[in-house]
Amino acid sequence: MEAFKLMKELKSNLELEVHYLPKETGLSLIESTQENGNGVSAKCRDARVEDLLSLTNFFGYSTQTFVLAVNLLDRFLAMMKVQSKYLACISIGCLHIAVRVTEEECNVSSSHELIRISQSKFTISDLSRMEKIISEKLNFQFKAVTALTFLHLYHAIALSHTSNRKDVLNLDKLEAQLKACLCRIVFSKAKPSVLALSLLMLEIEALQSADLLEIFHRIQTHLKISKADLAHWRGLVNQCMREYSSPECAKPDNKKLVWIVSRRTAQNLHSSYRCIPELPTIPEGAWDESESEDSSEDLSSGEESLSSSLGSDAGGLYFPSNFRSRACRP
């Protein structure tokens, strides 16, 4: 019964995916744009997506947030002629929209935080205006059907048939591979259902699982995905994974964001920042339970000061206190 429901949901999403695809003509125009021109080139776009991935890791956003942000960015760039100088504002605007759509309210970063941490030069007003333009051009269609949608459905179907493969068919690994693919504009041309199936088929082949391979051949037939289409994208995904795993390739998904700032910048990052030169001394043998609450507050302040004291005029590691639980530590 569960498998039937999943297949029905799969079919429903297959019918919807076409509405959230970037225009292929627009993507091809980006690919043909010269890097030294005023327009957005493929290399420029890919670099911005890698920046979005770093910000996603830094703020602790979900894979869904990143994938949606890339989808919004590509759909917007594929329909609008954009100068490269506006790309930073557009990409951060897409990320901010995606965060508000997918994340819990307590995890939604402010415009100020995103601009500061991304070291962007535009203002909050600029970002607000850009988000309005993006929203209007995309007709406020934010809850897109993406490759991640299909990846989760395929994975759930596999588990419903072969529960003993739960620890082998690693969803986290598949998501990481998807994020690596999305950092290249060529994969924005793939249908989400085909891209997700290509990732899974490669993983299943590596596992040499005949049972899973048969299941996904049936899914391929059910969704009417041609062998030629699947073979084409599977080849590109395989090439991407080989290059991504090579020593020469910088891996944005595994690269932890280390923020190095001066003490002065660190003070400006958080309004409630307090600089305390050293931890207060805890007197030995003089603990008074009646003072435990006050002492605890002092220690808390001390811990904050310890974190901030790592920064110096020469530069050092620092994470504002409100980011500490979400930041990716090296």
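The values are calculated or read from the model by the stated rules, or taken from the named source; none is laboratory data. Treat the numbers as computed from the prediction; the structure is a model and nothing was measured. FYI the Cβ positions are ideal-geometry reconstructions off the backbone, even for glycines, and counts take in every protein chain you see. Areas reflect the complete protein model, heavy atoms only, side chains present, ligands, DNA and RNA absent. Shrake-Rupley method; radii C 1.70, N 1.55, O 1.52, S 1.80 Å.
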Problem - Overall form of the stretch 10-135 per C-alpha gyration tensor (a/c, 1.5; a/b vs b/c) - result: oblate
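Which order do LYS8, LYS191 take when ranked by solvent-accessible area (1.4 Å probe, heavy atoms of all protein chains), largest first?
Working: LYS8 145, LYS191 105 Å².
Largest accessible area first, the residues go LYS8, LYS191.
Calculate the FRET efficiency for ASP46 and LEU171 from the Cβ-Cβ distance with a Förster distance of 22 Å, rounded to the nearest 0.05.
Working: r = 25 Å, r/R0 = 1.13.
It comes out at approximately 0.30.
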Completion exercise
Given all pairs of distinct Cα atoms, the stretch 84-184 yields a Kirkwood Rh in Å of 16.0 Å
Problem - the stretch 1-96: GluC sites (Glu not before Pro) in DSSP coil with no more than 16 other Cβ atoms inside 10 Å - result: GLU35
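What FRET efficiency comes out for LYS23 versus ALA231 if R0 is 30 angstrom and r is the Cβ-Cβ distance? Round to the nearest 0.05. Could the numbers behind the result be given before it?
Working: r = 25 Å, r/R0 = 0.82.
E(calc), rounded to 0.05, equals 0.75.
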Practice task
Could you please state, rounded to a whole Å, how far the C-alpha centre of the stretch 68-99 is from the C-alpha centre of the stretch 1-46?
Solution key: 13 Å
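Can you pull out the chymotrypsin sites (Phe, Trp or Tyr not before Pro) in the stretch 104-207 whose DSSP state is coil and whose Cβ has at most 14 other Cβ atoms within 10 Å?
On the way: sites: PHE122, PHE140, PHE142, PHE150, TYR154, PHE187; in loops: PHE122, PHE140, PHE142.
Here the chymotrypsin sites (Phe, Trp or Tyr not before Pro) that fit, given the DSSP loop and packing criteria, are PHE140.
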Fill in the blank from the handout: Pseudo-spin-label distance SER32 to ASN107, built 7 Å along Cα→Cβ, given in nm, is 4.1 nm
Practice task
Once you have a ≥ b ≥ c as the square roots of the Cα gyration tensor eigenvalues for the stretch 94-135, tell me rounded if a/c is under 1.5, and otherwise prolate or oblate according to whether a/b is larger than b/c.
Solution key: oblate
Exercise for the section: Evaluate the distance, in nm, between pseudo-label points positioned 7 Å from the Cα of SER160 and of PHE4 along their respective Cα→Cβ axes. Expected result: 1.0 nm
